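> This is the structure, below, for whatever I ask next.
The numbers here are math on the coordinates, done by the rules we state, and not lab data. Every value quoted in this text rests on a predicted model; they were computed, and no experiment measured them. Note that each Cβ is placed from the backbone with ideal geometry, even for glycine, and that neighbours are counted across all protein chains shown.
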Amino acid sequence: MERNAPPRPESDDAKEGTAAHWLAEMVLSNQAPDTVSLVDRFAPNGVCVTAEMADYVDIYINHIRSRNLPVQHVEFGIEYNLAPNINVQGTSDSVGVGDNTLYVDDLKFGYRLVDPVDNWQLLAYAIGVMIKLHPDPRPTTVVMTIVQPRPYHSSGLIRSWPITFDELNARFDVLRAAAIAANDPDAPMTTGDHCRYCGAFNECPAAQSAGMNAVDVVMTGSNDVLSPLSLSMELSNLARARAVLDARIAGLEEVAKEQIRTGTIIPGWGVQRQLGNSRWLTGADIALLEMMAGVSLTEPKLVTPAAAKRKGVSEEVIKAFTERPDNGFKLVQVNTDRHAKELFGND
């Protein structure tokens, strides 16, 4: 279905993520001394690097460098045949090999939480790295990590999933079988989180049906007093419905914007230009600007705590002069099976 679909335009969030990855690559490949040196510079895609972005990306960079591996690749291109006429292509953010372990790391700059456990993107990368690098001796352990510095997660900003090489092989068989089934002319349509990235989403009958089902779920009433199990089930169902509706709305909005831009009238809807905050032109002469304005336009400003740490300020000093505001509680979904394994082991 997706082969004949027009390319979906890149969202502003995706553009920001691309800029963050460029920033990390520039520092990890030693093309820039640090992230601070690139603040207020523009990434190749036109997104300006902010101090906040630099602080977040530093978390990822420090994580990669902390391993001090003998083999480390950044923005590592992968391409391999999963099955006849089925090709896998991608770029892993970071790949490292050392201590009989293969490390595959992925920087996620968005707010939508991503879990490394059974993450098929990371698994596809790990398989591709094994095929391309042929590390000798062959790693016995594969550690796949999501670094997501912006949203809160109960397991922290850096979340890893270690598996054995044999477990990776078993998942390769599952991936290959799924790819073969997906290329069958009578392949079933199955909705899920993957729908948000599908170019054929707006024409998919299964997605349309799921969207209408989500509306039905949201409109279904329930008692105010629920047992813990019933409360858990309804929250899970409504969260799933919200995700389906958000994905459906986002897809239809892109279709509507494109049609309106090409002259089609969509009753009740229109487009308007979104402008960001005004900013000074790159390379503006500050001295000339202040002379013309007749007032000083610069002011001293403290660097962020993370930037102060990079400058060598001790943790003790930083803790003495910083605080983290309490913004209340946020309800989050947790993987109870995973937490149990972390507490009690795989048994």
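> If we sort 263-271, 24-32 on the protection proxy, mean other Cβ atoms within 10 Å, highest first, what's the order?
Averaged packing, sorted descending, gives the order 24-32, 263-271.
> Note down the net charge around HIS73, summing +1 for each Lys or Arg and -1 for each Asp or Glu among other residues with Cβ under 12 Å from its Cβ.
Charge balance in the 12 Å sphere: -3.
> Same structure, new question: Just order 231-239, 71-79 by mean Cβ neighbour count inside 10 Å, highest at the front, would you?
Descending mean neighbour count gives 71-79, 231-239.
> Can you give me the P(r) profile for the stretch 24-75? Cα pairs, bins 10 angstrom wide beginning at 0, each as a whole percent.
Calculated over all Cα pairs of the stretch 24-75, the distribution is 24, 56, 18, 2 percent.
> Another one. Please list the equivalent ellipsoid semi-axes of the chain, computed as the square roots of five times the alpha-carbon gyration tensor eigenvalues, in descending order and whole angstrom.
They are 36, 31, 25 Å, listed largest first.
> Fully extended, how many nm does the chain gain between ALA5 and GLN272 (0.36 nm per residue separation, minus their Cα-Cα distance)?
Length gained, ALA5 through GLN272: 93.6 nm.
> While we're here: Which far-off residues, 5 or more places away or on another chain, put their amide H under 5 Å from the one on LEU102, with H placed in the peptide plane?
Counting only residues 5 or more places away or on other chains, the set is THR141, VAL142, VAL143.
> I'd like the FRET efficiency for ILE318 and ASN183, computed as 1/(1 + (r/R0)^6) with the beta carbon distance as r and R0 of 56 Å, rounded to 0.05.
0.55
> Shifting gears a bit: Which whole DSSP H helices in the chain pass both tests: a Cα extent of 20 Å or more along the axis and a mean Kyte-Doolittle value no lower than 0.5?
165-182, 205-219
> Same structure again: From the P(r) of the stretch 250-323, can you give the percent of Cα pairs sitting at distances over 22 Å?
64
> What list of ³J(HN,Hα) couplings, whole Hz, do you get for the stretch 79-90 from phi and the Karplus terms 6.51, -1.76, 1.60, once you set θ to phi - 60° and write x for glycine and proline?
7, 7, 8, 7, 7, x, 6, 10, 10, 10, 10, x
> Shape of the stretch 74-187 from its Cα gyration tensor (a ≥ b ≥ c, root eigenvalues): rounded if a/c is under 1.5, otherwise prolate when a/b > b/c, or oblate?
Here the stretch 74-187 falls in the oblate category.
> Let me ask you something else. Please give the calculated 222 nm ellipticity per residue for the chain, where each DSSP H segment of at least 4 residues contributes -39500 (n - 2.57) and the sum is spread over every residue; nearest 500 deg cm²/dmol?
-13500 deg cm²/dmol
> Taking other Cβ within 10 Å of each residue's Cβ, how do PHE165, PHE201 sort, fewest first?
Least to most surrounded, the residues fall as PHE165, PHE201.
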